Amino acid sequence: MMMKGHAILFVLIGLLVSEAYSQAPDKSEKEVASLRLEISLLKNSYRQLCQKYRDVAANCSVPDFQCNECPDKWLHVGDQCFLMIPDRQDFATSAQKCQEMGAHLAILNNREEHDAVEKEGRRIAGFHTHYWIGLTDSETEGQWKWVDNSTITTPFWDPDKNEPDNHQSGGPEGEDCAVVNSYSQTWFDVPCSFSYPRICQMKASPIP
Ligand code: CA
């Protein structure tokens, strides 16, 4: 089985390398191909280390350690996966589209998760620096809840703009949905009918 796994890996490496060179790549394309190769090798090493840990840990009393992974292109933070999706929709449609992927709008429970998504947002966003997160007070004004009905544990509301302010400029219904602004690195409440890109989230899959 191990030989078969290695054979497949070598074929994949060969395909990556041949694909990279068949298009006469410039310097940055070569670097991308090289980094992709490095990532796939690291993923393989990670899986092998997890297996080794389980084998050794089975013979002694050490805490369980669950290795997990995210689908390609998803950010891996702790035991969670996040994906920034540039398609601009209102809050309800965005929440539904995350669900259709087997995910939900992002629920940011700690600084690690907040920092990871706002940093990734800043890296890829260009001019679109606001992303829907799964936070709303549409049920009861002022009572902010995540889409799983939990309450905020670590808030990152913008202090300079005194957010959330339920501002009426977008309409008399105020602002009942939240975005993360990846430039100010804080949250803002905005009208739920506005269109923004979104952050979907799902739990990382345990490596068997
Ligand atoms: Ca509100």
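Assorted remarks:
- Å² of accessible area per residue within the chain, as computed with a 1.4 Å probe and no ligands counted: 62
- Helix 27-57 axis, angle to the chain major axis (alpha carbon atoms, nearest 10°): 80
- Value of relative contact order over the chain, rounded to a whole percent, pairs C-alpha under 8 Å and six or more apart: 26
- Relative to the longest principal axis of the Cα atoms of the chain, the long axis of helix 111-124 makes an angle of roughly 80 degrees.
- Cβ-Cβ FRET estimate between LYS119 and ASN59, R0 fixed at 45 Å, reported to 0.05: 0.65
- The chain - Cys residues lacking any other Cys C-beta under 4.7 Å: CYS60
- Debye equation applied to the C-alpha atoms of segment 70-208, log10 I(q)/I(0) at 0.14 Å⁻¹: -0.58
- Listed residues TYR131, TYR53, TYR196, TYR183 arranged by accessible area, highest first, probe 1.4 Å: TYR183, TYR53, TYR196, TYR131
- Axis of helix 2-22 versus longest Cα principal axis of the chain: the two differ by about 70°, to the nearest ten degrees.
- ILE39, ILE133, ILE152, reordered so the largest accessible area comes first (probe 1.4 Å): ILE39, ILE152, ILE133
- Computed [θ] at 222 nm, deg cm²/dmol, the chain (DSSP H ≥ 4; -39,500 (n - 2.57); rounded to nearest 500): -12500 deg cm²/dmol
- Heavy-atom accessible surface of the chain: percent carbon and sulfur, 1.4 Å: 57
- Computed accessible area, LEU135, all protein chains, 1.4 angstrom probe, square angstrom: 0
The values are calculated or read from the model by the stated rules, or taken from the named source; none is laboratory data. Please read these numbers as outputs of a predicted model, since none were measured by experiment. Neighbour counts are summed over all protein chains in view; Cβ atoms, including those assigned to glycine, are modelled from backbone coordinates with ideal geometry. Accessible surface areas use protein heavy atoms only, side chains included; no ligands, DNA or RNA. Shrake-Rupley method; radii C 1.70, N 1.55, O 1.52, S 1.80 Å.
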